[in-house]
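The values are calculated or read from the model by the stated rules, or taken from the named source; none is laboratory data. As the structure is a computational prediction, the values presented were derived from the model and not from experiment. Note that each Cβ is placed from the backbone with ideal geometry, even for glycine, and that neighbours are counted across all protein chains shown. Ligands, DNA and RNA are excluded from the accessible area calculation, which covers all protein heavy atoms including side chains. Shrake-Rupley method; radii C 1.70, N 1.55, O 1.52, S 1.80 Å.
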Amino acid sequence: MRIARFTKDGDLSFGVVGDDDTIATVAAHPFGEIQLTGERQPLADVRLTAPILPNKVIAIGRNYAEHAKELGNEVPAEPLIFMKPSTSVIGQQEAIVYPSLSERVDYEGELAVVIGRLCRDVPAQRAAEVILGYTCANDVTARDLQKKDGQWTRAKGFDTFCPLGPWIETELDPSDLAITTTVNGEKRQDSRTDKLLHHIPALIEYVTQVMTLLPGDVILTGTPEGVGPMRVGDEVSVTIENIGTLTNRVISRD
């Protein structure tokens, strides 16, 4: 099932995207048993937004060995976690705003996990029970500020620095999916999720030892090698096998 969040005539709703490129409106929210209103319309007639607005976004750094290597970093023995604010989240075709404080802003295509229920201290073998589904993400990073600050909050936390979408795929085996990122149609990242150093069940166990996760919270699982700069005017697309493609254009703040 593909769960989207969309606007039509000023109203914001969840919906289920069909194979016929229509979207059926969900009566309330996608947590628990989904109930439809009976209203269905062409997908082309609505505007997709971020498929979820999380309370928090937990991200995993250096979770692909080749990415750690390309930036001159060691592979961490345990998951390296940081957070992005909910105000960084945008959706499909929304603009990434290039901040005036940075001279180097990078794309980082990633598989994102959407949590489906309140949970804490989840053992890895039960991780699937707390997952709603998966979506595409771009962990946009002001690379120069990341190096300058040492810690990553400012570099990762600008408004618009967490595109998510186009929807949440609920029926998916995430263990070995192709993941690519293109800039203006040119492929820059090309990998598979089987190269994750810390896989999703282990990440959920690790994170929930630290904090309670709420329905809709998002875990970004890390980016593969091939990260690089974006410039104003670029169109960046993250594609994950059996999910879809998330596309955003970079604009100037000025």
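A few points about this structure:
- Mean separation of Cα contacts under 8 Å, 6 or more apart, over the residue count of the chain: relative contact order %: 26
- Rolling a 1.4 Å probe across the protein heavy atoms gives the chain an accessible surface of 44 Å² per residue.
- Within the range 185-219: backbone nitrogen closer than 16 Å to the Asn242 label point (7 Å, Cα to C-beta): 192-196, 200-201
- Between the range 15-54 and the range 194-254, the alpha-carbon center distance in angstrom: 22
- Per-pair calculated FRET efficiency, R0 = 25 Å: Ile34 and Thr212 via Cβ, rounded to 0.05: 0.55
- Förster radius 51 Å - calculated FRET efficiency between Glu78 and Ala44 (Cβ-Cβ, nearest 0.05): 0.65
- Dipole magnitude (debye, nearest 20) for the chain, charges at Cβ of Lys, Arg, Asp, Glu: 700
- Counting only DSSP H runs of at least 4 residues, each contributing -39500 (n - 2.57), and dividing by the residue count of the chain, the helix-based mean residue ellipticity at 222 nm comes to -2500 deg cm²/dmol.
- Counting protein heavy atoms only, the range 93-242 has 47 percent of its accessible area on carbon and sulfur, 1.4 angstrom probe.
- One decimal place: the segment Thr87-Glu103 gains 3.6 nm when fully extended, by the rule 0.36 nm per residue minus the C-alpha distance.
- Candidate cross-link partners of Lys156 among the lysines, defined by an alpha-carbon separation under 18 Å and a same-chain spacing of 8 or more, comprise Lys56, Lys84, Lys147, Lys148.
- Full-stretch length increase - Lys147, His199 - with 0.36 nm per residue and alpha-carbon distance subtracted: 16.1 nm
- Where labels lie 7 Å past Cα in the beta-carbon direction, separation of Glu186 and Thr22 in nm: 4.3
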